[in-house]
Amino acid sequence: MTRLLDLFLVRSRLAIQRARLAGALALAIGVATAPNLAQAHHSFAMYDQTKIVTLNGTVKEFQWTNPHAVVWLLVPSASGDPSLWSVELPTGPGNLARMGWSKHSLSAGDKVALDINPLRDGRSGGSLKKALLVDSGKVLIVGPLAGAKP
């Protein structure tokens, strides 16, 4: 009987050691991959936050996605041909919803005036500050959440 009990205790100790080893390995993998997750989210240094440009155009598509919603905007160029602009909202759908936005706030075909911080490199893109829906006069802003403290 004592031999059976000894065998049971040895197996129990081995199981506990394996579980501890598996936990330590999972923790090590998590710590090793965390910096990669942090790098996936970019800064807003690519936008010139000292300039605000107003784009008048037609919404081609509004993507309600994480980590940032995006407006694809057709803006008439000097030649009359539309130029496609990518305008990123500075936060994701969760925060946007708390600011009064929804996935239906902008639709393809909407005429809008978007105030943006343009890309520093001059490409057709920017970070949204404010949207005006021309037909309804509705203004959508992105900014601090209600009740947020500095």
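Please treat every number below as a calculation from the coordinates, not as lab data. Just so it is clear, the model here is predicted, and its values are computed rather than measured. Every residue, glycine as well, gets a Cβ built from its backbone with ideal geometry; the counts of neighbours run over all protein chains shown.
Within the shell of other residues whose beta carbon sits under 9 angstrom from the beta carbon of Ala108, the net charge comes to -1, with Lys and Arg scored +1 and Asp and Glu -1.
Using only the Cα atoms of the stretch 37-115, build the gyration tensor, take square roots of its eigenvalues as a ≥ b ≥ c, and label the shape rounded, prolate or oblate: rounded if a/c is under 1.5, else prolate if a/b is larger than b/c, else oblate. Walk me through the numbers on the way to the answer.
On the way: a/c = 2.04, a/b = 1.35, b/c = 1.51.
Oblate shape, in that a/c is at least 1.5 and b/c is the bigger or equal ratio.
Ordered by the count of other Cβ atoms within 10 Å of each Cβ, fewest first, Thr65, Thr91, Thr50, Thr58 give Thr50, Thr65, Thr58, Thr91. Only aspartates and glutamates eight or more places from Lys60 in sequence, or on another chain, were considered; those with a Cα closer than 15 Å are Asp81, Glu88, Asp110. As a proxy for reagent exposure, Ile116, Ile16, Ile52 were ordered by neighbouring Cβ count within 10 angstrom, fewest first; the result is Ile16, Ile52, Ile116.
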